[in-house]
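> Quick one: the structure is below, and I'll ask about it shortly.
The values are calculated or read from the model by the stated rules, or taken from the named source; none is laboratory data. Bear in mind the structure is a predicted one, so any value in this text is a computation, not a measurement. Note: ideal-geometry Cβ built from the backbone for every residue, glycine included; neighbour counts use all protein chains shown.
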Amino acid sequence: MLHALSIINYKNIREAQLSFSDKLNCFIGLNGQGKTNILDAIYYLSFTKSAYNTIDSQNITHDQDMAMIQGTYHLNRYPEEEVITCGIKRGVKKQFRRGKKDYQRLIDHIGLIPLVMVSPQDSDLISDGSDERRRFIDGVISQYNRPYLEHLTQYNALLKQRNALLKQHAETPSDMLPIALFEVLEQQLNQHALPIYQERLRFIEQFTPYFQQVYSAISDNQEQVQLSYTSQLHERDLMQAFSRTRSRDIILGWTSQGIHKDELEMSLGAYPIKRVGSQGQQKTFLLALKLGQALFLSNTQVLNQQPILLLDDIFDKLDNQRVERIIQLVNGPDFGQIFITDTDRQHLTQLLEDAPHEPQIFHVHNGEIYKK
């Protein structure tokens with residue numbers, strides 16, 4: 001749980017010192033006032049980056065040279081409070097610190113503070129290409145499986161090397177290609193691809209029941225949904241595939257085989273949700289993905305703690321019945337600390353009436369945060 005948050009010069013928030021409820025925290029205000037920026041600062045302390053803008057300098061308040069975010073946490077795995085600090089300065093590598101010790105590698109921080117964010121940009125999971133859906137899978141697994149994140153980082157670095165080599169030899173005759181160099185890269189790619197593939201298979205199998213449980217709760221069991229993981233590795237040896245398609249890859253300028261082509265198929269009934277789902281059904285599908293993720297992480301033995309849940313403007317395009325079911329769901333014991341934003345006090349009033357714990361309510365106006 002996040003007990004306290006300090007923000008200096010992060011986006012439009014020049015200075016804020018906030019303390020939070022262990023269960024429910026609400027930010028109310030019109031669009032563009034800074035509500036989402038507060039959630040993004042919390043997200044930053046979990047993932048060492050913004051959910052919306054990965055160029056760190058662009059997250060600093062326009063007329064300032066530096067920004068700072070600091071959070072004080074209680075984590076189930078550690079008896080003492082943990083203080084996480086991030087400093088961002090223009091033209092300088094950002095600093096991330098746990099207590100008084102700087103991280104040498106930001107990757108070592110991932111998973112310490114599990115977190116799930118639900119936001120309007122989640123619609124990209126359905127509307128955009130397979131990159132977004134792989135990123136969703138990778139983001140969940142990386143919070144509880146450090147070796148997976150290491151494999152993924154290495155695979156992506158090697159993939160860039162192979163793609164660069166392909167482009168470098170676009171005009172090279174086939175009998176003069178550095179086959180041995182290609183084979184070394186491909187062998188290394190294969191060594192990292194196999195554990196990634198195996199863990200993705202395992203994750204989808206274990207995660208799908210949580211996802212379906214949440215969808216059924218929100219839709220009142222009116223619809224059936226399914227997730228299906230597809231991969232080239234289902235049916236082919238990756239080393240043989242690299243060898244067979246190498247000449248074509250040189251023409252294309254990119255690697256056509258590997259786990260970077262995997263897909264997560266999302267279905268409503270027997271058809272793709274993208275094609276047959278209404279706006280409300282698609283929104284329910286996305287909420288089920290993210291809330292199911294929170295339940296899955298809570299039940300992952302490695303974590304042994306409930307993730308922080310960030311809910312950014314989630315009620316749009318949902319009918320009143322689905323809103324009511326979501327409120328009942330997140331207010332229950334299966335979910336931990338929640339941070340929620342909304343422009344409409346009506347939804348939050350219902351949420352607060354049903355809340356078993358005393359909430360903290362904040363009003364946000366032009367980057368200023370006022371506690372009610």
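> Which residues, counting only those in region 170-203, are charged (D, E, K, R) and assigned to a helix (DSSP H, G or I)?
Answer for region 170-203, where residues must be charged (D, E, K, R) and assigned to a helix (DSSP H, G or I): 175, 183, 186, 199, 200, 202.
> If you check residue 113 against the conditions, is it modelled with pLDDT under 95, touching a Phe, Trp or Tyr at 6+ places or on another chain (Cβ under 9 Å) and either over 22 Å from residue 259 (Cα atoms) or in the same structural domain as residue 58 (by TED's automatic domain parsing) (or both)?
Yes.
> Having 2 or more residues that are surrounded by 15 or more Cβ atoms within 10 Å (Cβ to Cβ) and over 17 Å from the mean Cα position of the chain (by Cα) is the bar; report the strands (runs of 3 or more DSSP E) wholly within region 229-343 that clear it.
263-268, 338-342
> Can residue 206 be described as part of a helix (DSSP H, G or I) and touching a residue at least 60 places away in the same chain (Cβ under 8 Å)?
Taking the combined requirement at face value, the residue satisfies it.
> Related question: Does residue 138 meet the test of being within 29 Å of residue 194 (Cα to Cα) and not assigned by TED's automatic domain parsing to the domain that holds residue 335?
yes
> Report the residue count in region 93-135 for those that are assigned to a loop (DSSP other than H, G, I, E, B) and either on the phi < 0 side of the Ramachandran plot or buried (at least 18 other Cβ atoms within 10 Å of the Cβ) (or both).
Qualifying residue count for the region: 12.
> Restricting to region 76-92, name every residue that is loosely packed, with under 13 Cβ neighbours inside 10 Å and more than 23 Å from the chain's Cα centre (by Cα).
The answer is 78, 79, 80, 81, 90, 91, 92.
> Within region 210-228, which residues are touching a strand residue (DSSP E or B) at 6+ places or on another chain (Cβ under 9 Å), assigned to a helix (DSSP H, G or I) and closer than 23 Å to residue 198 by Cβ?
211, 212
> If residue 142 satisfies every condition in (1) surrounded by fewer than 17 Cβ atoms within 10 Å (Cβ to Cβ); (2) under 17 Å from the mean Cα position of the chain (by Cα) but one, which is the exception?
So residue 142 meets the others, but not (1).
> Let me ask another. Could you please tell me which pairs satisfy a Cβ distance under 6 Å, a separation of 6+ or placement on different chains, a first residue in region 76-100 that is not assigned by TED's automatic domain parsing to the domain that holds residue 46, and a second residue that is acidic (Asp, Glu) and buried (at least 16 other Cβ atoms within 10 Å of the Cβ)?
Sorted first by the residue in region 76-100, then by its partner, the list stays empty.
> Oh, and also: If we scan region 101-118, do we find a residue that is out of contact with any helix residue (DSSP H, G or I) (no Cβ under 9 Å at 6 or more places or on another chain) and of a type in the set (Gly, Ala, Ser)?
No, region 101-118 contains no residue that is out of contact with any helix residue (DSSP H, G or I) (no Cβ under 9 Å at 6 or more places or on another chain) and of a type in the set (Gly, Ala, Ser).
> Got at least one residue in region 171-194 being of a type in the set (Gly, Ala, Ser), outside the structural domain of residue 321 (by TED's automatic domain parsing) and surrounded by 15 or more Cβ atoms within 10 Å (Cβ to Cβ)?
The answer is yes, given that some residue of region 171-194 is of a type in the set (Gly, Ala, Ser), outside the structural domain of residue 321 (by TED's automatic domain parsing) and surrounded by 15 or more Cβ atoms within 10 Å (Cβ to Cβ).
> Quick one: how many residues across region 38-62 are part of a helix (DSSP H, G or I), among the hydrophobic types (A, V, I, L, M, F, W, C) and touching a Phe, Trp or Tyr at 6+ places or on another chain (Cβ under 7 Å)?
Matching residues across region 38-62 total 4.
> Next up: Looking for whichever is in contact with a strand residue (DSSP E or B) (Cβ under 9 Å, 6 or more places away or on another chain), among the aliphatic types (A, V, I, L, M) and closer than 30 Å to residue 74 by Cβ here; the options are 310, 295. Which one fits?
310
> If you don't mind, there's one more thing I want to ask. Just checking, does region 2-9 include any residue being outside any strand (DSSP E or B) and crowded, with 22+ Cβ neighbours inside 10 Å?
For region 2-9, residues outside any strand (DSSP E or B) and crowded, with 22+ Cβ neighbours inside 10 Å: absent.
Here is a yes/no grid of residues against (1) at positive phi; (2) of a type outside the set (S, T, N, Q); (3) modelled with pLDDT of 95 or more:
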{"residue": "202", "(1), (2), (3)": "no, yes, yes"}
{"residue": "217", "(1), (2), (3)": "no, yes, no"}
{"residue": "224", "(1), (2), (3)": "no, no, no"}
{"residue": "229", "(1), (2), (3)": "no, yes, yes"}
{"residue": "294", "(1), (2), (3)": "no, yes, no"}
